[in-house]
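Only one structure is covered here, and it is reproduced in the block below.
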Amino acid sequence: MKAPAFWATDGPVARLLAPAGWLYGQLTAWRMAQAGQSAALPVICVGNLTMGGAGKTPTALMLAEALREGGETPFVISRGYRGRLAGPVVVDAAAMQAAECGDEPLLLARHVPTIVSADRRAGAALALQQGATIVLLDDGLQNPRLAKDFTVAVVDGGNPFGNGRCFPAGPLRVPISRQVAKIDCFLVIGGTVAGSDESLTRLGKPIFQAMLQPDPASIASLRGKRLLAFAGIGRPSKFFSTLVEAGLDVRAAASFGDHHPYSEAEIAALHQRAAAEGLQLVTTEKDAVRLPDRDGIAVLPVTLPMPAGLLAMAQEAIGRRRSAP
């Protein structure tokens with residue numbers, strides 16, 4: 001879905017939906033407070049406080065790579081949003097399609113072993129069978145089924161909490177004050193920490209910051225071209241801004257809802273517009289795994305550098321878990 005414009009401000013529509021948002025937030029908070037079952041191996045959760053993309057997938061990849069370099073064998077577990085497989089199943093990046101396992105698991109599986117499982121506990125059990133030494137949950141902050149040893153809450157620095165209300169009145173899944181006890185640290189991606197009724201700086205948790213880094217070779221290949229950028233992610237404007245900030249010539253942009261399943265007709269229309277206006281199509285890695293045909297479409301990968309101190313916090317939590325009786 002596309003984030004509605006009224007999520008950005010506390011206007012009349014948001015106020016009209018506020019009772020439904022209050023109920024949704026309270027029910028989700030009650031569910032979130034339930035005790036989870038411990039897995040047989042350490043569990044790190046990468047979650048967020050709001051609907052839509054804040055940068056969980058690049059954060060999970062960043063942590064997986066850092067843990068792998070430290071001698072761990074990380075597996076990512078995802079519920080496989082908008083995929084038809086309930087799992088638990090190991091994602092085969094070479095054979096599966098996004099419609100089967102979801103776009104994020106398919107992208108993750110190209111870099112790190114990934115399991116789709118609607119039941120996180122079953123996913124952790126399969127990861128252990130497959131040789132994992134540690135599990136990374138891609139999302140799952142509000143899901144209590146599996147106990148977490150360390151939780152990173154990812155925050156979009158350019159749009160932290162919208163109007164501060166819960167879905168459907170705003171983007172929050174649960175009131176911030178009801179989530180903070182389950183969080184070990186915040187990772188703000190891009191922008192600043194500013195901006196909500198409950199500022200992160202008042203919540204008493206460590207705050208790390210990082211910026212998404214576009215692939216230099218891909219940027220170089222796009223220089224001198226007039227671009228038609230398109231994206232179906234949580235906040236497409238972030239992708240368009242990344243291109244502009246890299247000095248690229250973005251002449252047009254097309255936004256779609258998060259996880260949008262592109263049809264052949266939609267891609268054909270984009271190609272037709274690009275040809276008519278002399279533009280090069282470019283999109284994100286997450287969008288690319290949902291395309292029926294990638295011919296003639298440039299893809300811009302991004303990475304997230306590890307903030308100083310974040311890995312050490314995660315490793316301390318892993319050490320505590322392993323030394324516990």
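Of everything listed in (1) over 19 Å from Pro19 (Cβ atoms); (2) open to solvent by 30 Å² or more (accessible area, probe 1.4 Å); (3) touching a helix residue (DSSP H, G or I) at 6+ places or on another chain (Cβ under 6 Å); (4) at pLDDT 90 or above, the single unmet condition for Phe167 is (1). Answer yes if at least one residue in segment 170-185 is part of a helix (DSSP H, G or I), crowded, with 19+ Cβ neighbours inside 10 Å and not basic (Lys, Arg), and no otherwise. Within segment 170-185, one or more residues are part of a helix (DSSP H, G or I), crowded, with 19+ Cβ neighbours inside 10 Å and not basic (Lys, Arg). Every listed requirement among (1) touching a Leu at 6+ places or on another chain (Cβ under 9 Å); (2) touching a residue at least 40 places away in the same chain (Cβ under 8 Å); (3) in a loop (DSSP other than H, G, I, E, B) is met by Glu72 save one, (1).
Exactly one residue among Arg320, Arg290, Arg235 is closer than 24 Å to Val154 by Cβ and over 23 Å from the mean Cα position of the chain (by Cα), and that residue is Arg320. Determine if segment 143-153 includes at least one residue that is in a loop (DSSP other than H, G, I, E, B), of a type in the set (D, E, K, R) and under 19 Å from Pro206 (Cα atoms). Checked segment 143-153: at least one residue is in a loop (DSSP other than H, G, I, E, B), of a type in the set (D, E, K, R) and under 19 Å from Pro206 (Cα atoms). Somewhere in segment 118-127, is a residue in contact (Cβ under 8 Å) with a residue 24 or more places away in the chain and of a type in the set (Lys, Arg)? Within segment 118-127, one or more residues are in contact (Cβ under 8 Å) with a residue 24 or more places away in the chain and of a type in the set (Lys, Arg). Kindly indicate whether any position in segment 138-150 is buried (at least 24 other Cβ atoms within 10 Å of the Cβ) and aliphatic (A, V, I, L, M). No, segment 138-150 contains no residue that is buried (at least 24 other Cβ atoms within 10 Å of the Cβ) and aliphatic (A, V, I, L, M). Looking across Thr242, Thr283, one residue alone is among the β-branched types (Val, Ile, Thr) and in contact with a Phe, Trp or Tyr (Cβ under 6 Å, 6 or more places away or on another chain). It is Thr283.
Scan segment 27-36 for residues that are touching a residue at least 24 places away in the same chain (Cβ under 8 Å), part of a helix (DSSP H, G or I) and open to solvent by 30 Å² or more (accessible area, probe 1.4 Å) and jot them down. The answer is Arg31, and nothing else. Note on segment 37-57: residues that are more than 26 Å from Asp156 (Cβ to Cβ) and either acidic (Asp, Glu) or not in a strand (DSSP E or B) (or both) amount to 5. Exactly one residue out of Ala98, Ala86 is touching a residue at least 60 places away in the same chain (Cβ under 8 Å), farther than 19 Å from Leu187 by Cβ and open to solvent by 10 Å² or more (accessible area, probe 1.4 Å), and it is Ala98. Filtering Ala60, Ala20, Ala64 for residues that are among the aliphatic types (A, V, I, L, M), outside any loop (DSSP other than H, G, I, E, B), in contact (Cβ under 8 Å) with a residue 24 or more places away in the chain and open to solvent by 10 Å² or more (accessible area, probe 1.4 Å) leaves a single hit, Ala20.
The values are calculated or read from the model by the stated rules, or taken from the named source; none is laboratory data. This is a predicted model, so every value here is computed, not measured. Backbone-built Cβ (ideal geometry, glycine too); neighbour counts: all protein chains shown. Protein only, heavy atoms only, side chains kept; ligands, DNA and RNA dropped before computing areas. Shrake-Rupley method; radii C 1.70, N 1.55, O 1.52, S 1.80 Å.
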